[in-house]
Amino acid sequence: MALLQISEPGQSAAPHQHKLAIGIDLGTTNSLVATVISGMATVLQDEHGHALLPSVVRYMPDGSVVVGHEAQAQQSHDPANTIASAKRFMGRSLKDIVDRAHIPYSFVDSADSSKLLQLQTRAGLKTPVEISADILKNLKARAEKSLGADGGRGELLGAVITVPAYFDDAQRQATKDAARLAGLNVLRLLNEPTAAAVAYGLDHAVEGTFVIYDLGGGTFDVSILKLTKGVFEVLATNGDSALGGDDFDHRIYCWILDKIRDGSNTFSPLGEQDTRLLLTKARQAKEWLTDNHEAQIVCRLSNGSLIDVTLSAQQFVELTQQLVLKTLTPTRKAMRDANLTLDEIKGVVLVGGATRMPQVKQAIEDYFKQTPLTNLDPDKVVALGAAIQANALVGNRSDNDLLLLDVTPLSLGLETMGGLVERIIPRNSTLPVARAQDFTTYKDGQTAMSIQVVQGERELVADCRSLARFELRGIPAMVAGAARIRVTFQVDADGLLSVSAREQATGIEAHVVVKPSYGLTEDEITHMLKSSFGSAEVDKKARMLAEARVNAGAIISAVTIALSHDGNLITSEEKQAIEVEIEILQAISQTDDAVVINQGVDKLNHATEAFAAVRMNASVSLALNGKNLDEIKL
Amino acid sequence: MSLNYYQLFYLQPLFNIALKTLETNYRQIQSEAHPDRFVTATATEKLASMQLATLANEAYQTLKNPASRAKYLLELHGINAINESNTSMPTDFLMQQMQWRETLEDASMAHDISTLEALLSEMQAEAKSLQADLSLWFDERKDYANACETTRKLIFIDKVCADIQQAIDLLD
């Protein structure tokens, strides 16, 4: 029989008040899910005791979807229907994929090469977003099963999903879309190195400036963070969202190909199966060389020819020297952006399976002139950090001491005359951030303006990534240079951008939440969501009603609690007005009309706007020495 | 809330500020206002949080950086330091500027990172000495005309520094 747990007086809430939230590390090679149980961040295992879920999805002939080890094992046999490393293609179009010849998938040539790319599988066309959603669904199911969600312990409130810090807006948006498709409520997109810093920093109770060097399967990030009493402030971040352990495998793969070519002059291009087989062998050799001096690579190709080659550790180091050096450039850039010297760095934390390679460790040690820290499992630390953040976000941490101040990795700007970039938000700006800039017309009588939003560090639009293009129409005809168009960029705490433009004289406005030009449209997502919920209209309605009721319940309880704590901040008339709205919403949430309930939620939200602002100011004042903000005058 | 940035952080409107206090108070505000504290809150609370957290970030960055702090402080005194009609600079400073720009261009062409780095530290030392001047003009003498000229110099130097950084980034 399990022992009954008794908590310290005043410390803990009753068990049923613990809110379920998870952290997911959606990796290129492996994915993990973790949660905080009794104050401890823990990685959840599947029924076979595996913590790591290989990020491999196989679409089966019977229409089912297999994810993880089982799919990975069939990679070489069924390469076109078994997709690995889908993260590499997130938010990317076909023209972004440079080494198609070495990737064993059937990419679909769409008429418009700037559209989101798709893969042909036996389950039909699949976007990387859908493939990632299948991985997320698997992890969600794992979490619900092991946490007993819906089985008495309440519903899963949501997930923190990690993304490479150097992911651009398109890649972040794609990740959020994947979570939506998987039916997950995204509490926050969290940068992987920041997640690692949280797990490391809280575990070791350290203070000072730390570098997180995160070389994953397909992405490289370096972040520099200042840790002070639970505050994790990112000073600078840099990286390469197309560089990772996969590339090391690829170097070995090319080396094997060279070897085969040397041995025969009748070499024909490899099929998809053989490509996948050799890539798998290359990965195994790489892992073997972490602890051994040489690796023997033996396999038989589909044409019957036998491959038997030996790769020495020294050869491997030489083959991959350029890749290792490639990680040091972003590292130096981040150091310069943070305006730090090497002796100001207290420690370098290694994250990501690829940092196990001795040549990587050595390069970091040589550059930073200190031994990197490896005392946390580099595969798990990101998921653990995400779980800690998820736990804090849903309010399970009673002490409000964890605070993450993250930054935007890439500069954001827009196109001006001559294809030049006008930078609006510089890289490494702390989130959330908003900036406005005024622009004007360049022709007499110009009535419309096309606004192209770009992300990147280069001066020319052509060298940056175009995120969106929208038009502001109806500008009153004036002489060139007379109109004042204010463009406002806003980046939220997830690192996602929205842009609005407004003509100052007339107030004509255009607003876009930046959906990458080649991303999924809202219609496509709705369609995918519908088909994943099944076609039954009734199901959809029931689900919408349930969601509306949950929302109504959540806001009623939030406002009620707020009133009981801070009701004294507003007049009794104001308080009464809010209470009336609460009662109305309570009544309507018993009806069966989701639309009406949602309207009621909006109304209550609206009625509490002033109250929310007053509360916010009051809590800030209290935090700052209990003084009233209005007392201090210039 | 129509507070100025100094009021937001409980600081006296001076050039010389206690950076430690700025940092501590900034963190306090973010501890209360950051969107992470309002993930499960109502839409209106989320909006209020987003606005205050954004303001705190903007205010903190403005006051942390000496050049933007000086420019902001001038604005509070009704002076626009980079007003287009306000561009006169002492000739010796302009000459010096051109020299720095030339060194920057030559070193970039020659892919000479170490010269660029040396130039950067020279500029940073120059910026330090201008900051000492600013403290005198702003805080001791309340001489805003001189403060304005020195601020413009500091802004120029910041721009050159940014360009050097970018040149190094491109070469690296």
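Need one word for chain B: rounded, prolate or oblate. Basis is the Cα gyration tensor (sqrt eigenvalues a ≥ b ≥ c); a/c below 1.5 gives rounded, then a/b vs b/c decides. It comes out oblate by the Cα gyration axes. Accessible surface area normalised per residue over region B:121-172 is 47 Å², counting heavy atoms of protein chains with a 1.4 Å rolling probe.
Rolling a 1.4 Å probe over the protein heavy atoms leaves A:H48 with an accessible area of roughly 140 Å².
Once the Cα atoms of helix A:381-393 and of chain A are each reduced to a long axis, what angle between those two axes, in degrees from 0 to 90 to the nearest 10, is obtained? Helix A:381-393 sits at roughly 10 degrees to that axis. To the nearest 10, the accessible area of A:D463 is 80 Å² with a 1.4 Å probe.
Relative to the longest principal axis of the Cα atoms of chain A, helix A:609-623 runs at roughly 70 degrees. Here region B:49-172 is assigned +1 on the Cβ of each Lys and Arg and -1 on the Cβ of each Asp and Glu. Its dipole about the Cα centre then comes out at about 580 debye. When the other protein chains are added to the chain by itself, burial of at least 40 square angstrom of heavy-atom accessible area (probe 1.4 Å, ligands and nucleic acids ignored) affects these residues of region A:381-395: A:L393. List the pairs from A:K87/A:K380; A:K229/B:K153; A:K326/B:K128; A:K19/A:K226; A:K326/B:K20; A:K346/A:K380 whose alpha-carbon separation is above 26 Å, in the order I gave them. Among A:K87/A:K380; A:K229/B:K153; A:K326/B:K128; A:K19/A:K226; A:K326/B:K20; A:K346/A:K380, the Cα-Cα distance tops 26 Å for A:K229/B:K153; A:K326/B:K128; A:K19/A:K226; A:K326/B:K20.
From the convex hull of the Cα coordinates of the protein assembly as shown, what is the mean projected area in square nanometres? For the protein assembly as shown, averaging the hull's shadow over all directions gives 40.3 nm². For region A:336-343, 3J(HN,Hα) computed residue by residue from phi via the Karplus equation (6.51, -1.76, 1.60; θ = phi - 60°) reads 5, 4, 7, 6, 10, 9, 4, 6 Hz, glycine and proline entered as x. For A:Q45, nonlocal amide neighbours, meaning residues 5 or more places apart or on other chains whose placed amide H falls under 5 Å from its own, do not occur. Would you mind classifying region A:177-221 by shape? Square roots of the alpha carbon gyration tensor eigenvalues, ordered a ≥ b ≥ c; an a/c under 1.5 is rounded, otherwise it is prolate if a/b is larger than b/c and oblate if not. Taking the square roots of the gyration eigenvalues as a ≥ b ≥ c, region A:177-221 is oblate. Per residue, the convex hull spanned by the alpha carbons of region B:91-171 comes to 70 Å³. The residues of region B:5-64 expose, per residue, 35 Å² of accessible area to a 1.4 Å probe. Atom-type composition of the exposed protein surface of the protein assembly as shown places 51 percent of the accessible area on carbon and sulfur (1.4 angstrom probe). The residues of region A:557-607 expose on average 61 square angstrom of accessible surface per residue, using a 1.4 Å probe on protein heavy atoms. Rounded to the nearest 0.05, the FRET efficiency derived from the C-beta distance between A:M544 and B:L19 at R0 = 51 Å is 0.50. In sequence order, region B:45-52 has phi-based couplings of 5, 4, 5, 4, 5, 4, 5, 5 Hz under the Karplus curve 6.51 cos²θ - 1.76 cosθ + 1.60, θ = phi - 60°, and Gly or Pro positions carry x.
Chains A and B together bury roughly 4500 Å² of accessible surface, counting both sides and using a 1.4 Å probe on protein heavy atoms.
The angle between the Cα long axis of helix A:522-532 and the longest principal axis of the Cα atoms of chain A comes to about 70 degrees, rounded to the nearest 10. Largest accessible area first, the listed residues B:W137, B:W100, A:W288 line up as A:W288, B:W137, B:W100 when surface is computed with a 1.4 Å probe on the assembled protein chains.
Helical content alone sets the calculated 222 nm signal of the protein assembly as shown at -14000 deg cm²/dmol, taking -39,500 (n - 2.57) per DSSP H segment of four or more residues and averaging over every residue. Sequence-ordered 3J(HN,Hα) estimates for region A:434-446 from the Karplus curve with 6.51, -1.76 and 1.60 and θ = phi - 60° stand at 9, 9, 10, 9, 8, 10, 9, 7, 10, 10, 4, x, 5 Hz, glycine and proline given as x. The accessible area of A:E287, taken with all protein chains in place and a 1.4 Å probe, comes to roughly 100 Å². Under 5 Å between amide hydrogens, built in the peptide plane, is the criterion, and for A:V163 it picks out A:L190, A:N191, A:E192 among residues at least 5 positions away or on other chains.
The values are calculated or read from the model by the stated rules, or taken from the named source; none is laboratory data. Just so we're clear, the structure is a prediction, and the values are computed from it rather than from any experiment. Note: ideal-geometry Cβ built from the backbone for every residue, glycine included; neighbour counts use all protein chains shown. All accessible areas refer to the heavy atoms of the entire protein, side chains included, with ligands and DNA or RNA removed. Shrake-Rupley method; radii C 1.70, N 1.55, O 1.52, S 1.80 Å.
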